[in-house]
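Reviewing the structure listed below.
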Amino acid sequence: MFDDPNETPSEQASKPADRAREKADEFRMHADLAAIYEGPRKFDASVLTDLTADVARDVQRTMAKLDKAKTPDIPLLPPEVADEAARLLKLGDAHQLSTNDYHVHRRPGEVMMIRWLAGDQVESFYERLQAHFDAAMEGYKEDERGEQGWKQDPATLAYLDALDKIEVKMAERYLREPIRQHKVFVLSTQTADEMNIAYLCDHIMNVPPAEVVGEESAPPDAPTDQDLAWFFKLFSLRGVIDDVERMCFFTFLQKTDDSGW
């Protein structure tokens, strides 16, 4: 899913500023996933199979309810579901489930995974989120200047100039200040029909796929594309409760079957 595609003719024909924004959006998505799932690699987080079916389904149903309550394309949750959002953000505490770690409930071909963050962990998350985006964007701009800078055609120069003007503050995209100032709750989602499970587990999380999806559902030693393909749905809930900034990331994974190919 996350391999860089070859540039298509339609991309070549698009406006330089639009192409630059599209590239920034791609890196923003990468930064999002890296900051959410890098816990085992960077913060000594564990993947724990201590999530009961009841808690997992409760979170799944409530996240769906909150998502349905939003105005389309607006991540801000309406006041009438604020209590439910607050309950989810503190649900780990209620069930003695640790923050930072990844709590997993799985069945063959299906995984639900939840990660809660609170306080200083949220601050570290935002620092890493920005760092991932900045590193990807700066690396890409340097590569493009090296590979394309010698070209003197107006379209290439305009594209390089548009890249230099890109500035993304990830905390602003996450609506962090409104959350902290106005004590509102925000929910955003991300979906992929075919997430590469090895990319998510091996590359980002630095754990074997079997640790997340179970031995029965893990890809074989020489996997095909179909073996690696999982439907992926991520819910990112943020808010402040009793002056403590909190996050809850709920991930639903389901193995892609033959009918999808």
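Look through segment 179-188, keep the residues that are of a type in the set (A, V, I, L, M) and not in a helix (DSSP H, G or I), and return whichever of them is surrounded by the most Cβ atoms within 10 Å (Cβ to Cβ).
That would be Leu187.
Which one is nearest to Gln254 (Cα to Cα), of the residues in segment 110-129 that are over 17 Å from the mean Cα position of the chain (by Cα) and buried (at least 16 other Cβ atoms within 10 Å of the Cβ)?
Out of the qualifying residues, it is Glu110.
Please tell me if Leu97 is more than 30 Å from Ala229 (Cβ to Cβ), at pLDDT 95 or above and touching a strand residue (DSSP E or B) at 6+ places or on another chain (Cβ under 7 Å).
Considered against the rule, which asks whether it is more than 30 Å from Ala229 (Cβ to Cβ), at pLDDT 95 or above and touching a strand residue (DSSP E or B) at 6+ places or on another chain (Cβ under 7 Å), Leu97 comes out as no.
Name every residue in segment 146-159 that is part of a helix (DSSP H, G or I) and free of Cβ contacts under 8 Å to residues at least 60 places away in the same chain, in order of residue number.
Listed by number, the residues that qualify are Gly146, Glu147, Gln148, Pro154, Thr156, Leu157.
Of the conditions (1) farther than 17 Å from Met205 by Cβ; (2) charged (D, E, K, R); (3) out of contact with any Pro (no Cβ under 8 Å at 6 or more places or on another chain); (4) touching a residue at least 12 places away in the same chain (Cβ under 8 Å), Asp143 satisfies every one except a single condition; which number is it?
Asp143 satisfies all of (1) farther than 17 Å from Met205 by Cβ; (2) charged (D, E, K, R); (3) out of contact with any Pro (no Cβ under 8 Å at 6 or more places or on another chain); (4) touching a residue at least 12 places away in the same chain (Cβ under 8 Å) except (4).
Tell me the residue from Asp243, Asp227, Asp202, Asp221 that is among the charged types (D, E, K, R) and either in contact with a strand residue (DSSP E or B) (Cβ under 7 Å, 6 or more places away or on another chain) or within 18 Å of Arg107 (Cα to Cα) (or both), please.
Asp227
With Ala85, Ala171, Ala136, Ala162 as the choices, which residue is among the small types (Gly, Ala, Ser), surrounded by fewer than 18 Cβ atoms within 10 Å (Cβ to Cβ), on the phi < 0 side of the Ramachandran plot and assigned to a helix (DSSP H, G or I)?
From the options Ala85, Ala171, Ala136, Ala162, the qualifying one is Ala171.
Counting only residues that are closer than 30 Å to Lys183 by Cβ and acidic (Asp, Glu), which one in segment 204-250 is nearest to the chain's Cα centre (by Cα)?
The residue in question is Glu245.
Kindly indicate whether Asp143 is in a helix (DSSP H, G or I), exposed (fewer than 13 other Cβ atoms within 10 Å of the Cβ) and not hydroxyl-bearing (Ser, Thr, Tyr).
yes
How many of the residues in segment 92-108 are farther than 20 Å from Tyr37 by Cα and in contact (Cβ under 8 Å) with a residue 40 or more places away in the chain?
Of the residues in that region, 2 qualify.
Considering only residues that are closer than 19 Å to Glu172 by Cα and among the aromatic types (Phe, Trp, Tyr), which ones fall in segment 88-144?
Phe125, Tyr126, Phe133
Of the residues that sit in segment 189-236 and are in contact with an Asp or Glu (Cβ under 9 Å, 6 or more places away or on another chain) and of a type in the set (D, E, K, R), which one is surrounded by the fewest Cβ atoms within 10 Å (Cβ to Cβ)?
Checking each candidate, the answer is Asp225.
Looking at segment 93-102, is at least one residue assigned to a helix (DSSP H, G or I), surrounded by fewer than 18 Cβ atoms within 10 Å (Cβ to Cβ) and in contact with a helix residue (DSSP H, G or I) (Cβ under 9 Å, 6 or more places away or on another chain)?
Within segment 93-102, one or more residues are assigned to a helix (DSSP H, G or I), surrounded by fewer than 18 Cβ atoms within 10 Å (Cβ to Cβ) and in contact with a helix residue (DSSP H, G or I) (Cβ under 9 Å, 6 or more places away or on another chain).
Among Met170, Met195, which is the only one that is in contact (Cβ under 8 Å) with a residue 40 or more places away in the chain, under 15 Å from Met29 (Cα atoms), in contact with a Lys or Arg (Cβ under 9 Å, 6 or more places away or on another chain) and hydrophobic (A, V, I, L, M, F, W, C)?
Met170
Given the structure, is Ala86 at pLDDT 95 or above and over 23 Å from His182 (Cβ atoms)?
No.
The values are calculated or read from the model by the stated rules, or taken from the named source; none is laboratory data. Note that the coordinates shown come from a computational prediction; the quantities given were computed from them, not determined experimentally. Note that we place each Cβ from the backbone using ideal geometry, even for glycine, and neighbour counts take in every protein chain shown.
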